[in-house]
1. Hey, can you tell me all the residues within segment 42-69 that are over 26 Å from HIS83 (Cβ atoms) and of a type in the set (Val, Ile, Thr)?
2. Would you point out which residue out of ARG25, ARG82, ARG76, ARG59 is under 26 Å from THR14 (Cβ atoms) and basic (Lys, Arg)?
3. Based on what the data block shows, is CYS68 in contact with a His (Cβ under 6 Å, 6 or more places away or on another chain), surrounded by 11 or more Cβ atoms within 10 Å (Cβ to Cβ) and among the hydrophobic types (A, V, I, L, M, F, W, C)?
4. Of all residues in segment 110-156 being of a type in the set (Ser, Thr, Tyr) and open to solvent by less than 100 Å² (accessible area, probe 1.4 Å), which is modelled with the highest pLDDT?
5. Would you say GLN47 is over 31 Å from the mean Cα position of the chain (by Cα), part of a helix (DSSP H, G or I) and on the phi < 0 side of the Ramachandran plot?
Amino acid sequence: MSNRQKSAKRNKSTIECGFGETCARPNCTFIHPETRNLQANIKTIEQKKHENMMHLQTRQMEMIMQLCSNYKACCRLDCPYRHPPLWNPVKNQQLAEAKRLQNEKRREQEQQHALTVYRDQHQSRNISQLNNRLNDDYDYDEDYFNVHEKFWQKQTKRQVDQW
């Protein structure tokens, strides 16, 4: 008996296995029902793996037979789909990069233009607002100043009284 088997026997849990009788781990430390058939469980798992592999292979074959949605313009070196005979992904990558840089430059120019238009509009608006303020005569509300003057007088009296 190996050391692993000995430690597995010593570390047997009192908790029941979540997979129950379908558990396929030979060295599972949890408690299993008496009806558990380990060999059958392992066999079913291997069959499922084989089925999944077959499904994956058929899916890959379907992808190889299907045309790429980008067709000639595809840039992926590892694209699994079908392409025309003179397809050159490296050249397409270079073209895509040049187009991306061109779009980025255009976006920056548009942002710069929008910013200058915004500044011009606000600058002219601010100048007109300043002119209007300078031309207007301000009417001060006497009640406002009277209320604040009384408040400051009370504050100073309190401070004097505290001293």
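1. ILE42, THR44, ILE45
2. Details: ARG82 fails: under 26 Å from THR14 (Cβ atoms); ARG76 fails: under 26 Å from THR14 (Cβ atoms); ARG59 fails: under 26 Å from THR14 (Cβ atoms).
Going through ARG25, ARG82, ARG76, ARG59 in turn, the sole match is ARG25.
3. Numbers: in contact with a His (Cβ under 6 Å, 6 or more places away or on another chain): yes; surrounded by 11 or more Cβ atoms within 10 Å (Cβ to Cβ): yes; among the hydrophobic types (A, V, I, L, M, F, W, C): yes.
Considered against the rule, which asks whether it is in contact with a His (Cβ under 6 Å, 6 or more places away or on another chain), surrounded by 11 or more Cβ atoms within 10 Å (Cβ to Cβ) and among the hydrophobic types (A, V, I, L, M, F, W, C), CYS68 comes out as yes.
4. In the first step, residues of segment 110-156 are kept if they are of a type in the set (Ser, Thr, Tyr); the result is 116, 118, 124, 128, 138, 140, 144, 156.
Adding the requirement that they be open to solvent by less than 100 Å² (accessible area, probe 1.4 Å) leaves 116, 124, 128, 156.
Details: THR116: 86, SER124: 71, SER128: 69, THR156: 73.
It comes out as THR116.
5. Values: over 31 Å from the mean Cα position of the chain (by Cα): yes; part of a helix (DSSP H, G or I): yes; on the phi < 0 side of the Ramachandran plot: yes.
Yes, satisfied.
Per-residue answers, yes or no, for (1) in a helix (DSSP H, G or I); (2) closer than 30 Å to GLU21 by Cα; (3) touching a residue at least 40 places away in the same chain (Cβ under 8 Å):
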residue: MET54; (1), (2), (3): yes, yes, no
residue: MET63; (1), (2), (3): yes, no, no
residue: CYS75; (1), (2), (3): no, no, no
residue: ASP78; (1), (2), (3): no, no, no
residue: LYS105; (1), (2), (3): yes, no, no
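The values are calculated or read from the model by the stated rules, or taken from the named source; none is laboratory data. Because the structure is a prediction, the values reported are computed rather than measured. Counting neighbours? That spans all protein chains shown, and the Cβs are built from the backbone with ideal geometry, glycine included. What goes into the accessible areas is simple: the full protein's heavy atoms, side chains included, and nothing from ligands, DNA or RNA. Shrake-Rupley method; radii C 1.70, N 1.55, O 1.52, S 1.80 Å.
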